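Undergrad: Mind looking over this structure? Questions follow.
The values are calculated or read from the model by the stated rules, or taken from the named source; none is laboratory data. Predicted model only: the values in this text are computed from it and were never measured. For neighbour counting, all protein chains shown are included, and Cβ atoms are generated from backbone atoms with ideal geometry for every residue, glycine included.
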Amino acid sequence: MNELQQHIKLDQFLKWQGIAQTGGEAKIIIKQGMVEVNGEEEVRRGRKLVTGDKVTIAGTTHRVELQ
């Protein structure tokens with residue numbers, strides 16, 4: 001991965017999208033296996049997301065758009 005490429009951690013993305021209200025809530029959602037990143041179950045809250053990644057929760061997909 002290019003070191004200059006912008007990223008956001010999965011737990012921060014969930015808060016930014018309004019899916020989780022707090023970091024603790026985001027952690028629970030992720031640890032329960034409710035989140036997929038690019039079609040794969042993800043349980044690491046520190047997973048780095050980059051533009052173009054797709055995060056799916058409860059059947060709804062959110063595309064990561066960073067500038």
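Undergrad: Give me the residue from region 51-67 that is more than 9 Å from the chain's Cα centre (by Cα) and without any contact (Cβ under 8 Å) to a residue 24 or more places away in the chain and, out of that set, farthest from Gln12 (Cα to Cα).
TA: For region 51-67, the residue satisfying everything is Gly59.
Undergrad: Here are some residues: Thr56, Thr51. Which one is surrounded by 12 or more Cβ atoms within 10 Å (Cβ to Cβ) and either aromatic (Phe, Trp, Tyr) or part of a loop (DSSP other than H, G, I, E, B) (or both)? Steps first, please.
TA: On the way: Thr56 fails: either aromatic (Phe, Trp, Tyr) or part of a loop (DSSP other than H, G, I, E, B) (or both).
Only one candidate passes the filter, namely Thr51.
Undergrad: Still on this model: Would you mind stating whether Gln6 is part of a loop (DSSP other than H, G, I, E, B), modelled with pLDDT under 95 and out of contact with any Phe, Trp or Tyr (no Cβ under 6 Å at 6 or more places or on another chain)? Please lay out each step first, then the result.
TA: On the way: part of a loop (DSSP other than H, G, I, E, B): yes; modelled with pLDDT under 95: yes; out of contact with any Phe, Trp or Tyr (no Cβ under 6 Å at 6 or more places or on another chain): yes.
Judged against the criteria, Gln6 is a match.
Undergrad: Shifting gears a bit: What are the pairs, 6+ residues apart or on separate chains, where a residue within region 22-42 that is surrounded by fewer than 14 Cβ atoms within 10 Å (Cβ to Cβ) has its Cβ under 8 Å from a residue that is of a type in the set (Val, Ile, Thr)?
TA: Listed by first residue and then by second, the contacts come to Lys31/Val43; Gly33/Val43; Gly39/Thr56; Glu41/Val35.
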